[in-house]
Amino acid sequence: MSAASTPVIDPVDLTRDLIRRPSVTPVDAGAMDTLERVLTGLGFTCRRMAFEGPTGVGADARIENLYARRGTASPNLCFAGHTDVVPTGEAAAWSSGPFEAEVKDGILYGRGAVDMKGGIAAWVAAVSQVLSEGEPPGSLSFLITGDEEGPALQGTKKVVEALMAEGEVIDACVVGEPSSQARLGDMIKIGRRGSLNSWITVHGKQGHVAYPARAANPAPVLVRLLARLDAHVLDEGYEAFQPSNLEITTIDIGNPATNVIPAEAKARLNIRFNPAQTGDGLIDWLNREAGQVQAETGLAITLDHMCSGEAFLTPVGPFVLAVQDAVEAETGVRPEASTTGGTSDARFIRAMCPVLEFGLVGQTMHQIDERVPVAELEALTGAYRRIIQTVLA
């Protein structure tokens with residue numbers, strides 16, 4: 001494909017096309033088809049990678065993913081994102097239909113406008129502009145999932161595992177999450193904390209409250225264990241990270257009677273941890289603490305754990321500096337390199353290459369009337385274009 005024949009993509013039009021696909025996790029609704037058609041028209045070789053498994057919404061589902069690459073040379077600069085979106089909430093509360101993609105007074109409304117169909121469209125538009133001027137050195141690729149807003153088990157995680165097994169090399173990756181805080185370009189994310197969920201069950205013996213010797217009350221045992229865990233200082237922080245924190249999120253007994261000692265007491269907790277910890281290390285610690293309380297009280301305690309991602313940090317080096325330079329040159333703002341916030345699919349991509357997140361201002365993501373100014377979409381396209389040119393220079 002010659003530069004002269006390369007179609008130049010309008011980021012606003014493509015964002016609207018993607019929003020009109022109601023791709024609430026795990027439903028794709030044609031969002032991947034829309035993106036694949038545009039990328040094929042830009043000369044990308046597109047590969048659909050679908051995986052089936054539990055979605056957390058009551059049934060198994062087939063998750064659509066896409067890996068597209070243009071070129072075979074190194075370096076391979078990848079853009080990663082997701083076409084799935086969270087539910088809309090009460091549709092009648094929106095200023096316009098959440099999937100109508102209406103533009104009013106220079107503002108584009110719709111679910112996914114910010115998180116993150118707008119980011120995907122801006123990178124596609126930036127790529128089209130770069131290609132219209134000639135063939136860049138190296139390769140460009142896209143890693144797009146339909147499972148980021150869900151359990152994230154059949155999306156980027158599986159795609160990365162498959163690509164690594166095949167020997168595919170990605171040299172650097174920008175994830176288009178809405179990282180900007182107050183204005184476009186004020187923040188990039190160079191790391192994220194890990195996340196561990198744990199479910200605790202203390203097994204007792206039901207009985208009458210007037211005859212406690214005939215029962216075994218699990219409630220005080222659970223309270224003792226939770227107090228031990230809550231009082232423990234996990235660490236004092238890590239370079240560029242705040243201290244790890246453990247939060248008790250539920251305590252459940254479900255006992256409607258006033259005169260019955262319950263048979264079980266349950267709790268759930270979440271630990272957000274920095275690179276000073278690992279998921280396996282924290283699981284070992286939780287199991288040891290539970291074992292100690294079990295030995296002290298004689299009541300059985302079972303734990304189940306799910307680590308949804310390890311902590312990671314992309315050191316400030318050539319890749320991070322190149323992105324900061326490009327964003328500053330385009331927006332006039334030098335982005336802060338931050339590790340704040342929750343998790344993203346960057347936690348899986350970091351196994352392949354240096355990865356960071358940069359995208360739109362995220363103030364309306366997941367809200368009623370999610371929206372983005374048209375001018376901000378166009379400005380992000382310019383910033384992405386400069387990132388591509390700078391990193392591949």
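Of the listed requirements (1) surrounded by fewer than 23 Cβ atoms within 10 Å (Cβ to Cβ); (2) within 27 Å of residue 151 (Cα to Cα), residue 101 misses just one: (1). Pull up the range 204-224, narrow it to residues that are assigned to a loop (DSSP other than H, G, I, E, B) and among the hydrophobic types (A, V, I, L, M, F, W, C), then point me to the one that is least open to solvent (accessible area, probe 1.4 Å). For the range 204-224, the residue satisfying everything is 215. When the range 131-172 is filtered for residues that are open to solvent by less than 10 Å² (accessible area, probe 1.4 Å), within 17 Å of residue 76 (Cα to Cα) and part of a helix (DSSP H, G or I), the ones remaining, listed by number, are 131, 159, 160, 163.
Set side by side, the residues 288, 228, 214 differ, and just one is modelled with pLDDT of 95 or more and in contact with a strand residue (DSSP E or B) (Cβ under 6 Å, 6 or more places away or on another chain), which is 214.
Residues of the range 173-197 that are part of a loop (DSSP other than H, G, I, E, B) and either of a type in the set (A, V, I, L, M, F, W, C) or free of Cβ contacts under 8 Å to residues at least 60 places away in the same chain (or both): 182, 184, 190. If you filter the range 297-356 down to residues that are open to solvent by 60 Å² or more (accessible area, probe 1.4 Å) and acidic (Asp, Glu), you find that the one that is farthest from residue 375 (Cα to Cα) is 304.
Within the range 179-193, being open to solvent by less than 10 Å² (accessible area, probe 1.4 Å) and touching a Gly at 6+ places or on another chain (Cβ under 8 Å) holds for 179, 180, 185. Based on what the data block shows, is residue 73 surrounded by fewer than 22 Cβ atoms within 10 Å (Cβ to Cβ) and in contact with a strand residue (DSSP E or B) (Cβ under 8 Å, 6 or more places away or on another chain)? Yes, satisfied. Among the residues of the range 275-296, those identified as of a type in the set (Gly, Ala, Ser) and either open to solvent by 70 Å² or more (accessible area, probe 1.4 Å) or more than 15 Å from residue 226 (Cα to Cα) (or both) are 276, 279, 281, 295. In the range 230-238, the condition of being farther than 30 Å from residue 337 by Cα and surrounded by 12 or more Cβ atoms within 10 Å (Cβ to Cβ) is met by no residue. Select from the range 343-360 the residues that are modelled with pLDDT of 95 or more and more than 11 Å from residue 312 (Cα to Cα) and list them in ascending order. Of everything in the range 343-360, those that are modelled with pLDDT of 95 or more and more than 11 Å from residue 312 (Cα to Cα) turn out to be 352, 353, 357, 358, 359, 360. For residues in the range 363-379 being under 20 Å from the mean Cα position of the chain (by Cα) and open to solvent by less than 10 Å² (accessible area, probe 1.4 Å), which is farthest from residue 175 (Cα to Cα)? Applying the filter and picking the extreme gives 370. Quick one: residue 242 ticks every box in (1) at pLDDT below 95; (2) more than 31 Å from the chain's Cα centre (by Cα); (3) among the polar types (S, T, N, Q) except a single one, so which number is it? Among (1) at pLDDT below 95; (2) more than 31 Å from the chain's Cα centre (by Cα); (3) among the polar types (S, T, N, Q), residue 242 violates only (2). Count of the range 77-100 residues, restricted to those that are in a loop (DSSP other than H, G, I, E, B) and under 16 Å from residue 177 (Cα atoms), is 3. Residues in the range 250-264 that are in a strand (DSSP E or B) and open to solvent by 70 Å² or more (accessible area, probe 1.4 Å): 251, 252, 264. Residues considered: 1, 32. Of these, the only one that is more than 16 Å from residue 108 (Cβ to Cβ) and modelled with pLDDT under 95 is 1.
The values are calculated or read from the model by the stated rules, or taken from the named source; none is laboratory data. For clarity, every value in this text was computed on a predicted model and none was experimentally measured. Backbone-built Cβ (ideal geometry, glycine too); neighbour counts: all protein chains shown. Please note that ligands, DNA and RNA were not included when accessible areas were found on the heavy atoms of the full protein model with its side chains. Shrake-Rupley method; radii C 1.70, N 1.55, O 1.52, S 1.80 Å.
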